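Taking it in order: structure first as structure tokens, then the write-up.
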Amino acid sequence: MNKRKLASFRKILLQEKEVLEKQYRDLEEGNLHNSQSEFSGEMPFEEEYAASGTTTFERERDLSLSENVKDLLKRVDEALDRIDNGTFGVCEMCNGPIPEERLKALPYANLCITCKQKEEKAFR
């Protein structure tokens, strides 16, 4: 891959990283602001119990989203490392090229389509 294309992918990845870091900060701040102590006011037991259940559900959802964002951030960082060490666009499993169309759709892809399909079949 030529230097111009690598620079373009680096720019895309850095923009993606910025967006993901903001999403992660927003999720983490949301988790800190929604503490259980908000539900210690004077509410009937049933309302307090329901509110607590809703808060627990929302916290679990946010934690799941947060983990997904952390995973994507890790993949983006790894793709940036691959650009730096000259292995960007090379499948980590078969060492073949990853099609540029795949990288345009998923710039942090580390496997070609064939190897990704094999990986997914192995986990089923």
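For the range 112-123, check the following and say yes or no: at least one residue is touching a helix residue (DSSP H, G or I) at 6+ places or on another chain (Cβ under 9 Å), of a type in the set (A, V, I, L, M, F, W, C) and free of Cβ contacts under 8 Å to residues at least 40 places away in the same chain.
yes
Identify the residue in the range 3-29 that is without any contact (Cβ under 8 Å) to a residue 40 or more places away in the chain and more than 15 Å from K104 (Cβ to Cβ) and, among all such residues, is surrounded by the fewest Cβ atoms within 10 Å (Cβ to Cβ).
K3
Answer with yes or no whether A50 is of a type in the set (A, V, I, L, M, F, W, C), assigned to a helix (DSSP H, G or I) and at pLDDT 95 or above.
It is false that A50 is of a type in the set (A, V, I, L, M, F, W, C), assigned to a helix (DSSP H, G or I) and at pLDDT 95 or above.
Per-residue answers, yes or no, for (1) out of contact with any Cys (no Cβ under 8 Å at 6 or more places or on another chain); (2) at pLDDT below 80; (3) within 19 Å of I98 (Cα to Cα); (4) of a type in the set (K, R):
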site	(1), (2), (3), (4)
Q15	yes, no, no, no
E18	yes, no, no, no
Q23	yes, no, no, no
D26	yes, no, no, no
P44	yes, yes, no, no
R59	yes, yes, no, yes
L73	yes, no, no, no
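The values are calculated or read from the model by the stated rules, or taken from the named source; none is laboratory data. Predicted model, so just to flag it, every value in this text is computed and none were measured. So basically every Cβ, Gly included, is an ideal-geometry build from the backbone, and we count neighbours across all protein chains shown.
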